[in-house]
Amino acid sequence: MIKCFVKNENAIALIDTMSELDGEVIDKVIWIDMLMPTHDEIIFIENTFGIKFPTKQETEEIEISSRYWEETDKIEINSYFLISSNQNSFNETVSFILYRGLLISIRYAALYTFEEFNRKVYATPQQFESGYDIFCNLLDIRIDADADIIEKLSRDIARIRKHVFTDYKNDDEEILEKISSFEDLNMQIRESLTDKQRILSSFLKSDKYKPSLKNDVTIMLKDIKSLVDYTDFNFQRLDYLQNVFVGLLSIQQNKVIKIFTIVNVIFLPPTLIASIYGMNFQIMPELGWKFGYGLSVFLMVCSSILPIYIFKRKGLI
C-alpha cells in the first residue's frame, strides 16, 4: 500500500492511487509512505522518482554505514521502531530515503507512530514544508512512545518488586518469567534508542536541511540520552530484583532443609533404640524381661523429647 502526501500551499492532500501521480503532482509530493509494498509498487516509485531502494537484507545490517548513508542529493536511513506486545517485543526496521525535499518511508509492519503522525499532519499541515520536517516529527513521536513504554516498564518493575517482598506465595516460575520478559523488553528499548542516537548524531552533521531543525534534532538527542540512562537504571533494578528473589528462594529452601534436618535428628535416637532391640540375637538380656518392652518405649520417647528440648533452648525451633 502506498500513500502520497502532496503539499498545496497551507494544506496537505492524500493520494493513494498511483495513476494520479502526474508531472505537476510529482513536484509537490513531500512524503511517500509505503506499507508492505509489492515488487511492482517499488519498481513504480523507483522509476517515477529516479530513486533506488535498498533491499530488505541491506536494511537489517547493523553497521552505521548501513544505518545512515548520505550522498550528494540523498540520505538513506534505516532505523529501529519498537513493536511492543504482552507476548513478544521486537524491533522492526523502517527505511527512510530523503531525496532533496521528498521523504520516502518503507515499512513492513503497521506502526502506531505513523498512525499518530497521520492525524497530526492533517491537523497542522503548515508545520511541514518538506520531507525533513516529516522525518524529524516521526522520530520525535517515536521517542515519546519509547518514553511511555519505559515509564510503564518502570511501574511494572516496581509492582513486581512489591509483590516479591510482600505478597510472595511460591509462584517462582511466574516471577522469573516476568523478570526475564522485563529484561528482554528493556534490552529492545535500549537497542532502539541507541540506534536512533547514532542516526541522529550523523543526521545533525548534515547541511541538507534548514538550520531550524538542528535545534529539534539536538533536543531529541538529549531526550534519547536521558532515556538510555533510564534503561541502564532499569537494568540495575532488574538485576537487584533477580538477586533478591534468588536470595528469597534460597532462604525458603534453607527453611525446608532445616525442618527435615530437625525431624531427622528427633527421630534418629528412637530409630537407633528400635534397631538395637529389633536384632534377633539369642543372648539379649532384655528379651526375657517382662518390663523390656515398656523400657524400650520409654527410652524412645525420652530420646525424642530431649532433642526437641535442646533445640528450643537454643532457639532453633
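The values are calculated or read from the model by the stated rules, or taken from the named source; none is laboratory data. Here the structure is a predicted model, which means the values were calculated and not measured. We place every Cβ from the backbone using ideal geometry, glycine too, and count neighbours over all the protein chains shown.
Test P270 against the stated conditions and say whether it is outside the structural domain of I160 (by TED's automatic domain parsing) and either surrounded by 11 or more Cβ atoms within 10 Å (Cβ to Cβ) or closer than 25 Å to H163 by Cα (or both).
Yes.
Answer yes or no: is there a residue in region 202-209 that is exposed (fewer than 12 other Cβ atoms within 10 Å of the Cβ) and assigned to a loop (DSSP other than H, G, I, E, B).
The answer is yes; a qualifying residue exists.
Test each condition in (1) part of a helix (DSSP H, G or I); (2) more than 29 Å from K162 (Cα to Cα) for R237 and report the one that comes out false.
For R237, the failing item is (2).
Going by the structure shown, is K208 among the basic types (K, R) and closer than 22 Å to I149 by Cα?
no
Against the conditions (1) modelled with pLDDT under 85; (2) farther than 21 Å from V228 by Cβ, where does I62 fall short? Just the number, please.
(2)
Taking the stated definitions as given, is F245 free of Cβ contacts under 8 Å to residues at least 12 places away in the same chain, surrounded by 12 or more Cβ atoms within 10 Å (Cβ to Cβ) and closer than 29 Å to E177 by Cα?
Considered against the rule, which asks whether it is free of Cβ contacts under 8 Å to residues at least 12 places away in the same chain, surrounded by 12 or more Cβ atoms within 10 Å (Cβ to Cβ) and closer than 29 Å to E177 by Cα, F245 comes out as no.
Find the residue count for region 101-134, including only residues that are in contact (Cβ under 8 Å) with a residue 40 or more places away in the chain and either farther than 14 Å from L82 by Cα or more than 32 Å from the chain's Cα centre (by Cα) (or both).
Residues flagged as in contact (Cβ under 8 Å) with a residue 40 or more places away in the chain and either farther than 14 Å from L82 by Cα or more than 32 Å from the chain's Cα centre (by Cα) (or both) within region 101-134 amount to 17.
Give me the residue from region 86-125 that is more than 16 Å from K3 (Cβ to Cβ) and of a type in the set (A, V, I, L, M, F, W, C) and, out of that set, modelled with the lowest pLDDT.
Looking at residues that are more than 16 Å from K3 (Cβ to Cβ) and of a type in the set (A, V, I, L, M, F, W, C), I get A123.
Output yes when any residue across region 212-228 is more than 26 Å from T93 (Cα to Cα) and not acidic (D, E), and no when none is.
yes
Taking region 190-226 only, how many residues are without any contact (Cβ under 8 Å) to a residue 40 or more places away in the chain and touching a helix residue (DSSP H, G or I) at 6+ places or on another chain (Cβ under 6 Å)?
Qualifying residue count, region 190-226: 3.
Look at region 127-152 and say how many of its residues are touching a strand residue (DSSP E or B) at 6+ places or on another chain (Cβ under 8 Å), among the charged types (D, E, K, R) and under 27 Å from F233 (Cα atoms).
2
Sort out which residues of region 258-310 are of a type in the set (F, W, Y) and within 60 Å of the chain's Cα centre (by Cα), and write them in order of number.
Residues satisfying the conditions are F260, F267, Y309.
Within region 15-37, count every residue that is modelled with pLDDT under 75 and in a strand (DSSP E or B).
0
Cβ-Cβ under 8 Å, sequence separation 6+ or interchain: first residue in region 271-284 and within 15 Å of F298 (Cα to Cα), partner part of a helix (DSSP H, G or I) and of a type in the set (S, T, N, Q). Which pairs?
L272/S303; I273/S296; I273/S303; A274/S296; Y277/S296
So if I check each of S206, S226, which one is in contact with a strand residue (DSSP E or B) (Cβ under 9 Å, 6 or more places away or on another chain) and assigned by TED's automatic domain parsing to the domain that holds Q127?
That would be S206, the only listed residue that is in contact with a strand residue (DSSP E or B) (Cβ under 9 Å, 6 or more places away or on another chain) and assigned by TED's automatic domain parsing to the domain that holds Q127.
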